[in-house]
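Worksheet for the structure shown next.
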Amino acid sequence: MLNRRFFITSSLAALLPSIPVLAEEGRRIAAVDWAAAESLLALGIAPLAVADTGYYNQRMPQILPAETHDIGPFWEVNLELLDRLRPDLIFIGAASLFMTPRLNEIAPVEVVEDRTGDKSYGRAAAILRQCGRAAGISSSQVEAVLSNFEQRMQSLAASLGGGRRVCILLPDQSGSRAMVYGNGSMPGSVVTRLGLQNAWQGPTNANGFIQVGFDQLMALDDAVFMQIEIPSLAPQTNRALGNSQLWRRLPAVRDGRVVPMPQFYPFGGCLSMLHLAEALARALQAPSGAGIP
């Protein structure tokens with residue numbers, strides 16, 4: 001298992017600009033939406049409050065500052081606490097739109113950018129710029145962050161050489177099905193930007209992923225399977241896969257072309273995209289995957 005802290009101390013550190021964290025006189029911005037929260041961090045801004053900080057710190061590539069308050073899950077924000085914190089602005093995602101009337105009583109609400117059909121860099125860049133405007137960060141500083149991001153992605157693409165077909169998938173505990181990420185997803189966009197080919201060209205939902213039976217993966221006979229590992233579910237998942245004859249019959253499994261990779265947040269911003277790109281590159285370049293064609 002790759003260590004998530006690696007990303008914080010290496011490539012993410014290179015992405016983050018030398019901008020001081022906003023002091024008390026700065027805008028106090030709460031982020032129910034995680035993509036907004038990590039975009040604020042990428043700009044050097046400590047969010048005043050974030051939904052479910054404990055789970056955020058487990059899932060996301062950069063840990064929140066200790067001073068960021070936990071305001072509960074995005075579907076049941078602690079309105080009393082949020083009101084006491086007196087934010088100047090609250091960022092929410094589409095999933096929290098039902099809370100807009102109540103949140104508007106506390107502070108102005110801004111919905112993060114959600115470009116239909118673009119769950120990738122375009123959306124991530126739009127959210128970063130949106131957060132920069134809200135926080136009063138100069139456009140030149142925001143563009144510097146995006147430029148660093150672009151340079152890092154290009155460097156990773158060059159290191160991989162391109163061409164390989166990969167399928168990012170998350171097997172479930174049934175031993176017969178998996179979630180796969182297509183071209184319309186953020187992971188699919190990262191695959192493309194790294195010069196790789198997404199082996200899954202089948203249908204997906206509006207977010208670019210779909211759950212399929214293992215039999216539907218049989219045709220991906222030349223693909224490398226990037227198997228997402230969720231630590232808390234790994235024992236059950238591995239047991240189910242070990243007992244699954246259909247899994248063992250898949251060409252990628254039979255030929256040793258399955259590479260484990262850490263979990264990621266598929267609805268994140270620039271930091272999540274870079275985190276995933278680093279994970280893909282390191283997994284494909286690791287000794288276990290060095291001989292994969």
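What follows draws every value from the coordinates through simple rules; no lab data is involved. Remember, it's a predicted structure, so these values are computed and weren't measured experimentally. Cβ atoms come from the backbone with ideal geometry, glycine included; neighbour counts cover every protein chain shown.
Where in segment 148-173 does the amide nitrogen come within less than 17 Å of the point 7 Å from the Cα of Gln285, taken along Cα to Cβ? Once the point is set 7 Å along Cα→Cβ of Gln285, 149-164 turn out to lie under 17 Å by backbone N, inside segment 148-173.
Between Gln151 and Asn104, the modelled labels are 4.3 nm apart [label points 7 Å from Cα along Cα→Cβ].
The stretch between Trp75 and Glu143, if pulled fully straight at 0.36 nm per residue, gains 21.3 nm over its current Cα-Cα span.
The protection proxy used here, the mean number of other Cβ atoms lying within 10 Å of each residue, ranks peptides 192-201, 37-46 as follows, highest first: 37-46, 192-201. Full extension of the segment from Gln211 to Ser176, taken as 0.36 nm per residue of separation minus the current Cα-Cα distance, would add 11.6 nm. One decimal place: the segment Leu85-Ala66 gains 5.3 nm when fully extended, by the rule 0.36 nm per residue minus the C-alpha distance. Computed over the alpha carbons of the chain, Rg followed by Dmax gives 19.7, 61 Å.
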